[in-house]
Amino acid sequence: MTDATVFSDAFFAASYAHPSAQPDPAGHYGRLGGRFMPEALMAALAELTEAYQKSKNDPEFQAELTHWLRTYANRPSLLTEAKRLSAHAGARILLKREDLNHTGSHKINNVLGQALLTRRMGKKRVIAETGAGQHGVASATAAAIFDLECVVYMGEEDTERQALNVARMRMLGAEVVPVATGSRTLKDAINEAIRDWVTNVEHTNYLFGTAAGPHPFPSIVRDFARIIGVEARAQLLDLTGGLPDAVAACVGGGSNAIGLFHAFVPDESVRLYGFEAGGSGVESGLHAASITGGAVGVLHGARTYILQDEYGQTLPSHSISAGLDYPGVGPEHAWLHDTGRAVYEPVTDAEAMDAFQLLCRTEGIIPAIESAHAVAGALRIAPALREELGREPVIIVNLSGRGDKDMHTAAAYFGMEV
Amino acid sequence: MSKLSAVLAAAKAENRAALIGYLPAGFPTVEGSIAACKAMIDGGVDIVEIGLPYSDPQMDGPVIQQAVQVALDAGVNTLDVLRVVEGVAATGAPTLVMSYWNPIERFGADRFAKQLAAAGGAGTILPDLIPEEADDWIAAADAHALDRVFLVAQTSTPERITLTTGVCRGFVYAASLMGVTGTRDAVSGNAKGLVERTKAATDVPVCVGLGVSNGVQAAEVAGFADGVIVGSAFVRRLLEAPDEASGLAAVRELARELAAGVRSGRR
């Protein structure tokens, strides 16, 4: 098989309009998900749901999105055999190269889809929240090509540690609003974006950046990110004739992870591993591991695992990676955890930074610190998998983004001068 | 008839709208918030809403955010909120808790309803809980004879207004404008239309909130609504006061102005 046959237009279209299980019509995955949002936004959520249902099955929309993914975003993305890392890990590791996408991360997949939806809905203004800035940069990019006004909310602390991405967004014509309330990070940026949306909903669409939030966002973002796993599965079949033993991704809100996992959910032999940000260690209390270190509650419109105190107040999250520094997780991950289909484990800052350096020096790839959590996780699970299977395991790791934006953080961590 | 319904009916019998005042628990202190609510009642507020301070107040503007942050920084929790309810309800004024949903889910819906009823509370207003997600709360509120207020908005469809008013008890909260809490220069021109659409669907009283900050606006809204809800304007009086005594005086003064407003709206 060549790329041309594997990645036909029909292949792309099938990744958006897949037939597999959806949440119930109100967005529930069992007890999880749903819509915990003010009544004022119900009409907008209903409008978005309807526009999305219509569009995802519309050949014209599918063709348009496929065109942009192919000719602009650089899809399909490569699946790179990581030979020296594999030797180190004792596993055959393949990297899904979302870092090579235009704008430098997997976020462009979702944003192109949502921006095209916005255009179909006749709205002229988009808002977005961003943590590391990757979703903000992708949103600013899509706003530029589709001529939309774009406002990005970003926690003040994140604007400081991701200053390069703030400059990129402004260069692309977006307005970046630093959010100084609460913990001054991603969760507060989401609060501010929701306040904007409820005020300006008539002409504004909210480009939600992760597979979390109220229904239909978890489904929409999942379906637009799903191309990651759909491609990776076909690429590995093409390369080896078989499925991987495991797939691994980092999990903050969880969009790159659900994008990788979803195509493999029906493949029972494939283990799904999500690696949460363990910060200084879950036992230290300074982490962003909502599933492994949190409890079920409601945050930002959905019932899911969140970090909260005994009175339901959201606890601040901690991670060296701004993109994983969020005290919640998408409801579908919570559900995959509850059902046991996927396994979630924390990876500490130190483990992630070790893996970051290892990937740089063995493969010549500087990953986003977010993605380094997935690499560290794969290194951790490889020995046990090898023993269990009695052979070298095959693991696909989602390299969700590139590390240019993290140079200041990484240099400071390793004590280098920049 | 619940105490809340009786107070709304009494206002109606006087051919006026009821005045509903909001203040967050624990601002400036737990005791200070009880005193501030009593000052509102002294000035003529009929019904009190006690805000439960929450870390992620998505529906609140800068004024209420600032006050709530003071309470959170001081460690005010759900038990403190119930203490404030007890202190305020002791005056005889119907006292509701206004809260985002997660603190109540975490406390336990039934446990919260039971303790709220025991504190003399009249019920709840839960701005991020829609009827479709409210089964647990409706059951808990019923079990402890609490009123339950849900919200309708300018963008609500007729179907959603019917659904929402169908589960309201006490009153229906009509969010008169699209946006977060905070004072506005003018009452939304569409507020009257929303009240009319809501009244077409229910006999439950309809009270209007969001944006009312002075006696003139209160009079205007009282012309067509069963109750006028004021929050940020009270909080602002406390935030701007140089000391606690002048804050209480300013709250009492605003309540008097608003109380005169709701009595002049239908003349």
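The values are calculated or read from the model by the stated rules, or taken from the named source; none is laboratory data. Computed from a prediction, not measured in an experiment: that's the story for all the values here. Quick reminder, even Gly has a Cβ in these numbers, built from the backbone with ideal geometry, and neighbours come from all protein chains shown. Accessible surface is based on the protein model in full, side chains and every heavy atom, while ligands, DNA and RNA are left aside. Shrake-Rupley method; radii C 1.70, N 1.55, O 1.52, S 1.80 Å.
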**Other-chain or far-sequence residues with amide H under 5 Å of B:G51's (modelled H)** = B:L23, B:A25, B:M98
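Within segment A:72-136, which trypsin sites (Lys or Arg not before Pro) sit in a loop by DSSP and count at most 10 neighbouring Cβ atoms inside 10 Å? Walk me through the intermediate numbers first.
Details: sites: A:K83, A:R84, A:R92, A:K96, A:R97, A:K107, A:R119, A:R120, A:K123, A:K124, A:R125; in loops: A:K123, A:K124.
Loop-located and lightly packed - none at all.
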**Request:** Within segment B:112-135, which residues have the backbone N less than 20 Å from the label spot 7 Å out from A:R31 along Cα→beta-carbon, could you tell me?
**Result:** B:112-114, B:129-135
**Asked** Roughly to the nearest percent, how much of the accessible area of chain B is carbon and sulfur, given a 1.4 Å probe?
**Response** 52 percent
**Fill in**
Placing each pseudo-label 7 Å from Cα in the direction of the beta carbon, A:S8 and A:A384 end up separated by a distance in nanometres of 4.1 nm
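Please report the net charge: other residues with Cβ closer than 12 Å to the Cβ of B:R252, K and R +1, D and E -1. Could the numbers behind the result be given before it?
Values: positive: B:K38, B:R237, B:R256; negative: B:D42, B:E253, B:E257.
Neighbour charge sum, excluding B:R252 itself: 0.
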**Prompt:** Within straight cross-link reach of A:K123, meaning Cα distance under 22 Å, which lysines are found once same-chain residues fewer than 8 apart are removed?
**Reply:** A:K54, A:K56, A:K107
**Local electrostatic count at B:A74 - Lys and Arg +1, Asp and Glu -1, tallied over other residues with Cβ under 13 Å** = -3
**Item:** Loop sites in segment A:205-251: chymotrypsin sites (Phe, Trp or Tyr not before Pro), DSSP, at most 14 other Cβ within 10 Å
**Value:** none
**Prompt:** Taking θ as phi - 60°, what are the ³J(HN,Hα) couplings along segment A:144-157 by the Karplus curve (6.51, -1.76, 1.60), each to the nearest whole Hz, with x for Gly and Pro?
**Reply:** 5, 6, 9, 6, 10, 6, 9, 10, 10, 9, 9, x, 4, 4
**Request:** Work out from phi, with θ = phi - 60° and the Karplus expression 6.51 cos²θ - 1.76 cosθ + 1.60, the ³J(HN,Hα) of each residue of segment B:25-41, listed in order in whole Hz, and give x for Gly and Pro.
**Result:** 5, x, 10, x, 9, 4, 5, x, 6, 5, 4, 5, 5, 5, 5, 4, 5
**Asked** Comparing A:I365, A:I220, A:I306, which has the greatest mean-square fluctuation in the GNM of chain A with Cα pairs linked when under 10 Å apart?
**Response** A:I365
**Asked** Heavy-atom accessible area of A:L239 with all protein chains present, probe 1.4 Å, nearest 10 Å²?
**Response** 100 Å²
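Using R₀ = 56 Å, calculate the FRET efficiency as 1/(1 + (r/R₀)^6) where r is the Cβ-Cβ separation of A:E149 and A:S284; round to 0.05. Kindly include the intermediate steps, with their values, before the conclusion.
On the way: r = 42 Å, r/R0 = 0.76.
E between A:E149 and A:S284, to the nearest 0.05, is 0.85.
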**Item:** Nearest-0.05 FRET efficiency for A:E310 and A:R361, computed from C-beta distance (R0 30 Å)
**Value:** 0.10
**Message:** Taking θ = phi - 60°, what integer Hz values does the Karplus form 6.51 cos²θ - 1.76 cosθ + 1.60 yield along segment B:14-21, in sequence order, with x for Gly and Pro?
**Reply:** 8, 6, 9, 7, 7, 10, 10, x
**For segment B:128-217, share of DSSP beta bridges that run antiparallel, in % to the nearest 5** = 10 percent
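Return the FRET efficiency for the residue pair A:V418, A:A87: r is the Cβ-Cβ distance, R0 is 30 Å, and the value is rounded to the nearest 0.05. Before the final figure, lay out each step's value.
On the way: r = 31 Å, r/R0 = 1.02.
The formula returns an efficiency of 0.45 here.
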**Fill in**
Spelling it out for A:N74: with amide H atoms placed in the peptide plane at 1.01 Å from N, the residues 5 or more places away or on another chain with amide H under 5 Å from its amide H are A:H102
**Request:** Would you grab the residues whose amide H sits under 5 Å from the one on A:V176? Only those 5+ places off in sequence or on another chain, please, with H modelled 1.01 Å from N.
**Result:** A:V152
**Request:** Calculate, for chain A, the solvent-accessible area per residue in square angstrom, rolling a 1.4 angstrom probe over the heavy atoms of the protein chains.
**Result:** 33 Å²
**Message:** Suppose only helical runs count, i.e. DSSP H with n ≥ 4. What mean residue ellipticity at 222 nm does that imply for chain B under -39500 (n - 2.57) per run, divided by all residues and rounded to the nearest 500 deg cm²/dmol?
**Reply:** -15000 deg cm²/dmol
**Under 16 Å from the Cα of A:K83 - lysines, other chains or at least 8 residues apart** = A:K96
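What does the net charge come to around A:C250 if you take all other residues with beta carbon closer than 10 Å to its beta carbon, with K and R at +1 and D and E at -1? Provide the component values of the computation, followed by the final result.
Working: positive: none; negative: A:E276, A:E370.
Result for the local shell: -2.
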**Request:** Among the aspartates and glutamates, select those whose C-alpha is under 17 Å from the C-alpha of B:K114, and discard any that sit fewer than 8 residues away in the same chain.
**Result:** B:D80, B:E86, B:E105, B:D135, B:D136, B:D142, B:D147
